[in-house]
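First the structure, in the form of structure tokens, and then the observations on it.
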Amino acid sequence: MERKPKLLLHICCAPDEAYAVNLLKGEYELHCFFCNPNIFPGDEYRLRLCEAKKAAEIYGVPFTWDDYQPGLWEDAVYGLTDTPEGGERCEKCFLLRLTRTAEVCASMGWPTFGTVMSVSPHKKTVMLDAAGTAAAGVYGVGYAPFDFKKKDGFRKSIALSRELGLYRQNYCGCCLSRGEAELKSKSFNL
Ligand code: SF4
């Protein structure tokens, strides 16, 4: 029987993971890797990690994760905290997480990695792919530039996560995005 190509998949949250894994599992041998020092606060990190493990179990995909090290994210975005979501701080945040994923990919001896982050319409695919390609170059592995938001991916991921009973967060991850989301919801309630 022909073996499927191996793909290490960077996971940011369970809903995006479930959608991407469901889509790719027929084509690839997958391994999920949760690496998100950006998530704030620690309780939210543990909740997202727990749900991401649950999603991997549902699909029978191996899953590993990094210890929670929020200081890495703080260092990466130092001096950029006044930039808006989608700008330079997100560029650094993507690079941080994908560089670590590339490192893990190389240490596993796997040829390629990708990320599920492109499910979100708030994450620019061009920016994600630039970070993934740069990270891959550092460790001599390949980067697979998936754009999961295509073909109505975001809406489908919401429906699938509801069906599977997965927790869905209402902000991207960092303390700044949490503050921005709170402000938005307050202004809608005025
Ligand atoms: S908004 Fe999201 S991608 Fe941007 S820095 Fe915060 S956690 Fe990272």
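The values are calculated or read from the model by the stated rules, or taken from the named source; none is laboratory data. Note that the coordinates shown come from a computational prediction; the quantities given were computed from them, not determined experimentally. Cβ atoms come from the backbone with ideal geometry, glycine included; neighbour counts cover every protein chain shown. Calculation scope for accessible area: heavy atoms of the full protein, side chains included, ligands and nucleic acids excluded. Shrake-Rupley method; radii C 1.70, N 1.55, O 1.52, S 1.80 Å.
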Go through the residues of region 43-55 one by one and say whether even a single one is in contact with a helix residue (DSSP H, G or I) (Cβ under 8 Å, 6 or more places away or on another chain), within 16 Å of the ligand (Cβ to nearest atom) and assigned to a loop (DSSP other than H, G, I, E, B). no
Taking region 107-125 and keeping only residues that are surrounded by fewer than 24 Cβ atoms within 10 Å (Cβ to Cβ), over 24 Å from GLY71 (Cα atoms) and away from the ligand (no atom under 14 Å from the Cβ), one is left with MET108, GLY109, TRP110, PRO111, THR112
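Give the residue that is surrounded by the fewest Cβ atoms within 10 Å (Cβ to Cβ), with candidates limited to residues of region 56-72 that are away from the ligand (no atom under 16 Å from the Cβ) and assigned to a loop (DSSP other than H, G, I, E, B). Before you say what the answer is, go through the steps one by one.
Narrowing region 56-72 to residues away from the ligand (no atom under 16 Å from the Cβ): 56-65, 67.
The next check asks that each one be assigned to a loop (DSSP other than H, G, I, E, B); those that pass are 60-62, 67.
Numbers: GLY60: 9, VAL61: 19, PRO62: 11, ASP67: 6.
Top of the filtered list is ASP67.
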Just to be sure I understand the filter: pairs with C-beta atoms under 7 Å, separated by 6 or more residues or on different chains, first member in region 80-106 and closer than 15 Å to GLY140 by Cα, second member part of a loop (DSSP other than H, G, I, E, B). Which pairs pass? ARG100/CYS35; ARG100/ASP66; THR101/CYS35; ALA102/VAL141; CYS105/VAL141; ALA106/GLY140; ALA106/VAL141
Would you mention how many residues in region 38-54 are farther than 19 Å from ARG97 by Cα and touching a strand residue (DSSP E or B) at 6+ places or on another chain (Cβ under 8 Å)? 0
Tell me, yes or no, whether region 153-169 has at least one residue that is at pLDDT below 95, within 23 Å of ILE39 (Cα to Cα), within 16 Å of the ligand (Cβ to nearest atom) and polar (S, T, N, Q). no
Kindly indicate whether any position in region 30-37 is open to solvent by less than 20 Å² (accessible area, probe 1.4 Å), among the aliphatic types (A, V, I, L, M) and touching a residue at least 60 places away in the same chain (Cβ under 8 Å). no
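Residues are listed down the side, and each one gets a yes or a no for (1) open to solvent by 80 Å² or more (accessible area, probe 1.4 Å); (2) in a loop (DSSP other than H, G, I, E, B):
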{"residue": "ARG162", "(1), (2)": "yes, no"}
{"residue": "LEU166", "(1), (2)": "no, yes"}
{"residue": "TYR171", "(1), (2)": "no, yes"}
{"residue": "LEU176", "(1), (2)": "no, no"}
{"residue": "ALA181", "(1), (2)": "no, no"}
{"residue": "SER185", "(1), (2)": "no, no"}
In region 73-96, residue farthest from SER177 (Cα to Cα) [restricted to those that are open to solvent by 60 Å² or more (accessible area, probe 1.4 Å) and within 8 Å of the ligand (Cβ to nearest atom)]: LYS92
Going through THR101, THR64 one at a time, which residue ends up being closer than 19 Å to VAL119 by Cα, modelled with pLDDT of 95 or more and among the polar types (S, T, N, Q)? THR101
Output for region 9-23, where each listed residue is more than 12 Å from the chain's Cα centre (by Cα) and either within 16 Å of the ligand (Cβ to nearest atom) or open to solvent by less than 10 Å² (accessible area, probe 1.4 Å) (or both): VAL21
Scanning region 97-106 residue by residue, those in contact with a strand residue (DSSP E or B) (Cβ under 7 Å, 6 or more places away or on another chain) and either open to solvent by 10 Å² or more (accessible area, probe 1.4 Å) or basic (Lys, Arg) (or both) turn out to be ARG97, VAL104
Can you tell me which residues in region 128-145 are open to solvent by 30 Å² or more (accessible area, probe 1.4 Å) and of a type outside the set (Ser, Thr, Tyr)? ASP129, ALA130, ALA134, GLY137, VAL138, GLY140, PRO145
